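Colleague: I have a structure I would like to understand better, so I am pasting it below and will then ask my questions one at a time.
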């Protein structure tokens, strides 16, 4: 596993998913702490925290001197669609993303290692390749933003970022706008924005990284405003097309 993924939540979610998929059944004993530690190349302390996470969810029972046993199959996995998330308009979502992700980029610029920069560069190359091949796939786009959150090493920021993308892929209006974005070929402009963000992070310039991310999402917002059907009852651009005041931008 990559360094940025070495957290108890990641380990816990993988084990939870494996239980859900039937790899382990009720009554089965999970692998030893040592085996799990070696499998994911993490410390045994992190494995213990992952087990506590599963125990809190009442999925496993820790029997002292015996091991950890599955006592319940989870009802949902980490890949479940966000049925519990209410639909939000794209401009409300973009405003939230600007406020959160500009801070993430700023923090990432302070934390980034040589390996982190290479990961971002590889993702950017994947984005360019998909664009050249005219493949309708925003996976690399998502990976770029998530990678920045992972650089911070903060699990809360990582989970908030993941939730924002779940909103993104479950927004009815965003889905409607998606085909218009492709027809007008705006994706290449956003890749250029990603390059500017990467350069700022590589230079370890927090202020520049923050500004570059803010402007990137502002560019996305401007594009969506141009392509939106303002008569659509779900159109929320009028409520969120003005920048919040942010010190330092």
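Colleague: State which residue is farthest from the chain's Cα centre (by Cα) when the search covers only region 30-43 and only residues that are surrounded by 13 or more Cβ atoms within 10 Å (Cβ to Cβ) and not in a loop (DSSP other than H, G, I, E, B).
Modeller: Residue satisfying both the conditions and the ranking: 33.
Colleague: Do we have residue 25 as touching a residue at least 12 places away in the same chain (Cβ under 8 Å) and not assigned by TED's automatic domain parsing to the domain that holds residue 117 here?
Modeller: Spelling it out, residue 25 is indeed touching a residue at least 12 places away in the same chain (Cβ under 8 Å) and not assigned by TED's automatic domain parsing to the domain that holds residue 117.
Colleague: Considering only residues that are surrounded by fewer than 12 Cβ atoms within 10 Å (Cβ to Cβ) and without any contact (Cβ under 8 Å) to a residue 12 or more places away in the chain, look in region 55-65 and name the one that is nearest to residue 27 (Cα to Cα).
Modeller: Within region 55-65, the first condition is being surrounded by fewer than 12 Cβ atoms within 10 Å (Cβ to Cβ), and the residues that meet it are 56, 58, 63-65.
Next cut, without any contact (Cβ under 8 Å) to a residue 12 or more places away in the chain only: 56, 63-65.
Numbers: 56: 17, 63: 12, 64: 15, 65: 16 Å.
Looking at the filtered set, the residue picked out is 63.
Colleague: Select from region 165-193 the residues that are under 16 Å from residue 132 (Cα atoms) and modelled with pLDDT of 90 or more and write down the one among them that is surrounded by the most Cβ atoms within 10 Å (Cβ to Cβ).
Modeller: If we take residues in region 165-193 being under 16 Å from residue 132 (Cα atoms) and modelled with pLDDT of 90 or more, then 191 is surrounded by the most Cβ atoms within 10 Å (Cβ to Cβ).
Colleague: Looking at region 137-154, which of its residues are farther than 20 Å from residue 210 by Cβ and in contact with a helix residue (DSSP H, G or I) (Cβ under 6 Å, 6 or more places away or on another chain)?
Modeller: Within region 137-154, 137, 140, 142, 143 meet the criteria.
Colleague: Within region 147-164, track down each residue that is within 11 Å of the chain's Cα centre (by Cα) and crowded, with 18+ Cβ neighbours inside 10 Å.
Modeller: 147, 148, 149, 150, 157, 158, 161, 164
Colleague: Sort out which residues of region 114-144 are part of a loop (DSSP other than H, G, I, E, B) and touching a residue at least 12 places away in the same chain (Cβ under 8 Å), and write them in order of number. It would help to see each step written out before you state the result.
Modeller: First, pick out the residues of region 114-144 that are part of a loop (DSSP other than H, G, I, E, B): 133-138.
Passing the criteria: only 136.
The values are calculated or read from the model by the stated rules, or taken from the named source; none is laboratory data. As the structure is a prediction and not an experimental result, all values here were calculated from the model. Neighbour counts are summed over all protein chains in view; Cβ atoms, including those assigned to glycine, are modelled from backbone coordinates with ideal geometry.
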